[in-house]
Amino acid sequence: MNREEDGGDEVVCLDESFFINDDYQLTTFTFGSQVLHLFCLQSASRQLVWPGAMLMNDYLSKNPDVLQASSILELGSGVGVTGILCSRFCREVLLTDHNEEVLKILKKNIEHHTSSENPNSDAGLAVAKLEWGNSDQINKIIQKYPVEQFLRLKGRGQCKFILAYVSRAKSMDSMVLNEATRHGLLINEIVGTRSVVGNLEGVIFEVTLK
């Protein structure tokens with residue numbers, strides 16, 4: 001685990017060794033009326049569920065209509081707390097992460113959810129490895145799941161990206177907005193979603209193609 005100082009902000013960077021631990025413990029998470037039971041590391045269950053996931057799940061549990069009849073691609077799924085919640089409201093979910101150890105826990109949680117917790121769920125749950133920017137992995141996902149075709153068919157303003165952003169370094173705040181604009185995306189803050197998660201300020205953004 002490394003710590004970096006950035007203009008007074010403390011940025012915590014976790015290397016892969018942090019996740020190498022098979023001491024899983026079943027942990028309960030409650031979002032509105034939805035209760036999830038997920039395996040997390042016994043010594044680090046809170047660290048493995050990032051503040052952004054808690055913010056996102058709180059929003060989705062209060063606004064399940066945004067997921068109805070949707071196909072979901074989640075980036076950085078971690079232990080699966082958001083993707084599995086989404087599966088209760090939408091058609092299908094593809095959960096992705098880049099860390100092999102995290103993928104083990106993610107697959108274990110999906111197996112637990114589909115076999116014992118919610119065997120009659122209509123949503124399909126699948127897992128794929130995806131390191132952001134890795135073209136080989138992106139192409140494999142596109143070949144198996146028609147993500148690119150889906151984006152084109154839905155057209156501008158129809159395919160939405162929901163981003164739960166938690167400010168961990170002030171230098172990143174403007175960068176998120178600037179990068180979205182640079183890549184031809186329209187990013188809008190969803191009114192009423194600003195809140196404090198732990199001691200961090202967070203907000204939900206809706207991102208669409210211009």
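For this structure, a couple of remarks:
- Full extension of the segment from ASN139 to LYS104, taken as 0.36 nm per residue of separation minus the current Cα-Cα distance, would add 10.4 nm.
- Subtracting the Cα-Cα distance of LEU200 and SER70 from their residue separation scaled by 0.36 nm leaves 43.8 nm.
- Given LYS62/LYS104; LYS62/LYS129; LYS160/LYS210, the pairs whose alpha carbons are separated by over 18 Å: LYS62/LYS104; LYS62/LYS129
Bear in mind these aren't lab numbers, they're just calculated from the coordinates by the rules spelled out. What you see is a predicted model; the values in this text were computed from it and never measured.
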